[in-house]
Amino acid sequence: MKMNRYAIYYAPSESAFAQAAAQWLGWDLAQGRAVPPAGVVGGQDITQTPRKYGFHATIKPPFRLADGADLAQLHAATAQLAASLQIVTLPALKLTLLEGFLALIPAAPSADLQDLAAEVVRALDPYRAPLTMAEIARRRPEMLTARQRELLGIYGYPYVMEQFQFHLTLSSALGADQTAQAMAAVQSHFAGVVPQPFVIADLCLCGEDDLGQFHLLHRYPLMA
């Protein structure tokens with residue numbers, strides 16, 4: 001299957017958590033197939049926006065391959081990188097409203113997680129094609145801080161390095177009248193299945209197909 005863009009994600013491996021997440025969003029990232037979405041609140045599907053990405057936390061944001069780079073090279077570089085990185089353990093995740101959408105985020109800051117994400121962004125950046133003018137415009141640089149514009153220019157994304165926020169997106173943007181009911185629905189759906197402690201033990205190479213859906217292509221264990 002042809003992929004138009006690639007990304008490095010955290011995505012849970014086979015578990016009750018992964019199954020619940022796929023059911024919630026209506027897209028199984030690992031199997032590359034749609035499932036009936038459980039993320040319906042008040043008769044409204046609240047998961048349409050994150051569905052195409054599958055349940056994940058972005059480590060290196062989606063990018064087109066650079067001229068002269070191919071998938072085999074990206075695969076080899078990611079495998080080598082993962083072998084040099086250590087597993088990260090977080091005490092827990094918490095549910096929060098993040099810029100209008102629901103997400104699971106670390107219950108406490110983690111320097112180890114920040115360092116891991118920064119190293120992945122840096123190490124794999126040679127495989128990323130430069131942004132086009134249209135791609136830059138879609139990031140609305142006029143709304144970014146000076147540092148975020150700088151990061152956009154260097155790494156093709158404004159929310160990396162110290163601007164990075166690990167988050168597992170659970171909804172589209174919510175109206176004020178939807179938030180409480182949506183939070184209750186998430187808590188009910190994921191009750192008892194969110195791992196605690198929460199362990200990040202691998203990196204996932206994912207690809208975007210011609211329909212804009214992301215698929216898990218390979219999982220690389222962290223082995224340092």
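The values are calculated or read from the model by the stated rules, or taken from the named source; none is laboratory data. The structure displayed is predicted, hence computed values, not measured ones. Here the Cβ positions follow ideal geometry from the backbone for every residue, glycine too, while neighbour counts run over all protein chains shown.
A few points about this structure:
- Here VAL186 clears all of (1) touching a residue at least 24 places away in the same chain (Cβ under 8 Å); (2) surrounded by fewer than 16 Cβ atoms within 10 Å (Cβ to Cβ) except the condition numbered (2).
- Filter pass, ASP125 being acidic (Asp, Glu) and more than 30 Å from ASP45 (Cβ to Cβ): yes
- Condition check for ALA129: over 16 Å from the mean Cα position of the chain (by Cα) and under 24 Å from PRO37 (Cα atoms): no
- Strands (runs of 3 or more DSSP E) (entirely within segment 46-116) containing at least 3 residues that are out of contact with any Asp or Glu (no Cβ under 9 Å at 6 or more places or on another chain): 57-63, 93-98, 101-106
- Subset of segment 94-152 [within 30 Å of ALA79 (Cα to Cα) and polar (S, T, N, Q)]: SER110, GLN114, THR132, GLN148
- If the condition is being of a type in the set (Gly, Ala, Ser), modelled with pLDDT of 95 or more, part of a loop (DSSP other than H, G, I, E, B) and closer than 28 Å to ARG122 by Cβ, then segment 1-29 contributes only ALA11.
- Here the condition is being without any contact (Cβ under 8 Å) to a residue 60 or more places away in the chain and surrounded by 22 or more Cβ atoms within 10 Å (Cβ to Cβ); of ALA72, ALA22, it holds for ALA22 alone.
- Which numbered condition LEU222 misses (of (1) within 20 Å of GLU14 (Cβ to Cβ); (2) in contact with a Pro (Cβ under 9 Å, 6 or more places away or on another chain)): (2)
- Flag if PRO126 is part of a helix (DSSP H, G or I) and either touching a residue at least 12 places away in the same chain (Cβ under 8 Å) or among the polar types (S, T, N, Q) (or both): yes
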